[in-house]
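Undergrad: Got a structure for you, questions after.
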Amino acid sequence: MHHLILLLVVFNLLLVFAARIAYSIIWVPWIIARHFHKQGIRGPSYRPIKGNAEEIRSMFAEVQSKPMALCHDTLQRVCPFYHRWSPMYGKTVLYWHGSKPRLVISDPDIIKEVLLKTGEWFERMDTNPSVKQFFGKGILTSKGESWATHRMIANQAFKVEQVKSWIPEIIDSTKLMFYKWENENRGDGEFEIEVNRDVHDLSADIISRVAFGSSYQEGKEIFELQEQHCKLVFLASRSVYIPGFRFLPTKKNRERKRLEKKTRELIRVLIEDSHKALKNSDNLLSLLISSHKSFNNETQTLGLDEIIDDCKNFYMAGKETNANSISWALFLLGLNQEWQSKAREEVLRVLGPHTPPTAETLSDLKFASLIIQETLRLYAMPGSIVRQASKRVKLGNIDVPAGTQLYLSITALHHDTELWGEDALEFNPMRFTEPRKHSASYFPFGLGPYNCVGQNLALIEMKIVLAMILQRYSFALSPTYAHGPILLMGVSPQYGMQIVFRRL
């Protein structure tokens, strides 16, 4: 009798469990899909548990299997699912990340509203544990009061005057890259460089100097570990996470754990070894270590693990986005010789052939600014931003239920012919000398409270490196170059960036 009662209890529990599962992965998605369909918003069919993750992963694998034509229509590679689905379903597309609904949005007004209201109506996504392991509790993933503390400290570190004080370090790092090129190509009037690798090393050296006061060589192992980990992170970010999966001893899980442990150990040693020397310095790490007064006048400090996570975040974000932006700027100038000549003439007129830039002379390099703006439009960093509705909201004419994920396609926005004209996919820096058709059509560093805190450093670094290269070399895209923009931390050249340089 007791066994029968026990079996009935277990059976009832299993029934309840199955009903809850069916409710969350079948009934709720069906209700949400109907809700959006009534508003004219459609997309690919929902598949239980995995949603459209397999289709999307297959599309990425397909476009990354071979180079694309030499053009700037990068949406087909950095967001292939939207490139394929938007002609079928319209500018706003509904798809499914597991059982979670996602709206792909490229409307400038809606993107602006979502970014400005992040922290109020919308929030950052909770990353799956495999991704969170990489970013930790740093500024790129924290929310609420924790994020406010990290952001307050980072704002002080990256304010314009602080970044200007780092210009000598940026120049020194750039000169080291030139010494390397010259040593490797002595006697050659013309030589080919895989630039993306070298500017990654350059950006790594710059962020190391401004963060720790150390050089790239001292932090080289940290960067190499993070690059390996980053590739695994983006594989995980495109998959639907199954609860508990990270504890399984799979090859990728073991490798993620090893890379994370080793990276934290190296950064911890670097912090502890440098702690005393940093007390009176003005680099990023000294500011992270210091106590700060919050908005309500309370003293705020970061714990060691939080400092390590912020260092990891700034290391990877600063290096990846800056290096890739410089690479794409060189690519565009290599293809557009008339603009390269204009920019060089201006650099030589303002700086001369040997004098490095200063905070004052940088502002006189108008063509360089236009080129950078157009580079960040065509090859946006990042190509997309994801947010989640924290409550039921009205976005334009769209009624958005709480929990809906919003995939904001910055690349689609930056390439929209309705916003930028028929030449939207062409390189034309002069478009930034005229008023834009829509004030909310350009978000290279995001917008609102969660915009990129390091944008001052990124813009100054790009301008200095471009100016110093233009002083020394003329250059063109190599015939060996294969075009393959790919979305990782930012938009990267999948096959490298081969540039042929000639000494002036």
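Undergrad: Looking at (1) surrounded by fewer than 16 Cβ atoms within 10 Å (Cβ to Cβ); (2) part of a helix (DSSP H, G or I), which is the only condition Trp85 fails?
TA: (1)
Undergrad: If I ask for residues that are in contact with a Phe, Trp or Tyr (Cβ under 8 Å, 6 or more places away or on another chain) and not small (Gly, Ala, Ser), which ones from segment 152-183 would you list?
TA: Of everything in segment 152-183, those that are in contact with a Phe, Trp or Tyr (Cβ under 8 Å, 6 or more places away or on another chain) and not small (Gly, Ala, Ser) turn out to be Met152, Trp181.
Undergrad: Still on this model: Would you please name the residue that is farthest from Ser409 (Cα to Cα), looking only at residues in segment 344-372 that are part of a helix (DSSP H, G or I) and of a type outside the set (A, V, I, L, M, F, W, C)? Explain how you work it out, then say what you get.
TA: Within segment 344-372, the first condition is being part of a helix (DSSP H, G or I), and the residues that meet it are 344-351, 359-362, 366-372.
Of the ones still in play, those that are also of a type outside the set (A, V, I, L, M, F, W, C) are 344-346, 349, 360-361, 366, 369.
Numbers: Arg344: 34, Glu345: 36, Glu346: 34, Arg349: 39, Glu360: 36, Thr361: 35, Lys366: 29, Ser369: 24 Å.
Looking at the filtered set, the residue picked out is Arg349.
Undergrad: May I ask you to list pairs of residues, at least six apart or on different chains, whose Cβ atoms are under 7 Å apart, with the first in segment 27-50 being without any contact (Cβ under 8 Å) to a residue 60 or more places away in the chain and the second being open to solvent by 70 Å² or more (accessible area, probe 1.4 Å) and part of a loop (DSSP other than H, G, I, E, B)?
TA: Partner pairs satisfying both residue conditions: none exist.
Undergrad: Ok, one more. Pick from segment 393-441 the residues that are in contact with a His (Cβ under 8 Å, 6 or more places away or on another chain) and surrounded by fewer than 17 Cβ atoms within 10 Å (Cβ to Cβ): which of them is farthest from Ser341 (Cα to Cα)?
TA: The qualifying residue farthest from Ser341 (Cα to Cα) is Pro401.
Undergrad: Here's a follow-up. Test Thr375 against the criterion of being in contact with a helix residue (DSSP H, G or I) (Cβ under 9 Å, 6 or more places away or on another chain) and not in a loop (DSSP other than H, G, I, E, B), and give yes or no.
TA: Working: in contact with a helix residue (DSSP H, G or I) (Cβ under 9 Å, 6 or more places away or on another chain): yes; not in a loop (DSSP other than H, G, I, E, B): yes.
Considered against the rule, which asks whether it is in contact with a helix residue (DSSP H, G or I) (Cβ under 9 Å, 6 or more places away or on another chain) and not in a loop (DSSP other than H, G, I, E, B), Thr375 comes out as yes.
Undergrad: Next question, about the same structure. Between a residue in segment 421-445 that is at positive phi and outside any loop (DSSP other than H, G, I, E, B) and any residue that is modelled with pLDDT under 95 and not aromatic (Phe, Trp, Tyr), which pairs come within a Cβ distance under 7 Å, given they are 6 or more apart or on different chains?
TA: From residues that are at positive phi and outside any loop (DSSP other than H, G, I, E, B), there are no pairs.
Undergrad: Are any residues in segment 344-377 open to solvent by less than 10 Å² (accessible area, probe 1.4 Å) and polar (S, T, N, Q), and if so, which ones?
TA: Thr375
Undergrad: Here's a follow-up. Is there a residue being of a type in the set (Phe, Trp, Tyr), open to solvent by less than 10 Å² (accessible area, probe 1.4 Å) and either assigned to a helix (DSSP H, G or I) or free of Cβ contacts under 8 Å to residues at least 24 places away in the same chain (or both) anywhere in segment 335-343? Step through it out loud before you land on a result.
TA: Going through segment 335-343, the residues of a type in the set (Phe, Trp, Tyr) turn out to be 339.
Then keep just the ones that are open to solvent by less than 10 Å² (accessible area, probe 1.4 Å); that gives none.
So far as segment 335-343 goes, no, none of its residues is of a type in the set (Phe, Trp, Tyr), open to solvent by less than 10 Å² (accessible area, probe 1.4 Å) and either assigned to a helix (DSSP H, G or I) or free of Cβ contacts under 8 Å to residues at least 24 places away in the same chain (or both).
Undergrad: Looking at segment 172-188 only, could you name the residues that are open to solvent by 50 Å² or more (accessible area, probe 1.4 Å) and out of contact with any helix residue (DSSP H, G or I) (no Cβ under 9 Å at 6 or more places or on another chain)? Let's see the steps before the verdict.
TA: So in segment 172-188, the residues open to solvent by 50 Å² or more (accessible area, probe 1.4 Å) come out as 172, 175-176, 179-180, 182-184, 186-188.
Once the filter is applied, which keeps residues that are open to solvent by 50 Å² or more (accessible area, probe 1.4 Å) and out of contact with any helix residue (DSSP H, G or I) (no Cβ under 9 Å at 6 or more places or on another chain), segment 172-188 yields Tyr179, Glu182, Asn183, Glu184, Arg186, Gly187, Asp188.
Undergrad: Only one of these conditions is not met by Leu304: (1) surrounded by fewer than 22 Cβ atoms within 10 Å (Cβ to Cβ); (2) of a type in the set (A, V, I, L, M); (3) at pLDDT 95 or above. Which number is it?
TA: So the condition that Leu304 fails would be (3).
Undergrad: Would you mind finding the one in Ala458, Ala482, Ala476 that is open to solvent by less than 20 Å² (accessible area, probe 1.4 Å) and of a type in the set (Gly, Ala, Ser)?
TA: Working: Ala482 fails: open to solvent by less than 20 Å² (accessible area, probe 1.4 Å); Ala476 fails: open to solvent by less than 20 Å² (accessible area, probe 1.4 Å).
Of Ala458, Ala482, Ala476, the one residue that is open to solvent by less than 20 Å² (accessible area, probe 1.4 Å) and of a type in the set (Gly, Ala, Ser) is Ala458.
The values are calculated or read from the model by the stated rules, or taken from the named source; none is laboratory data. Just so it is clear, the structure is predicted and the values come from calculations on it, not from any experiment. Here the Cβ is made from the backbone with ideal geometry for all residues, glycine too, and neighbour counts use every protein chain on show. Heavy atoms of the whole protein, side chains included, go into the accessibility calculation; ligands, DNA and RNA do not. Shrake-Rupley method; radii C 1.70, N 1.55, O 1.52, S 1.80 Å.
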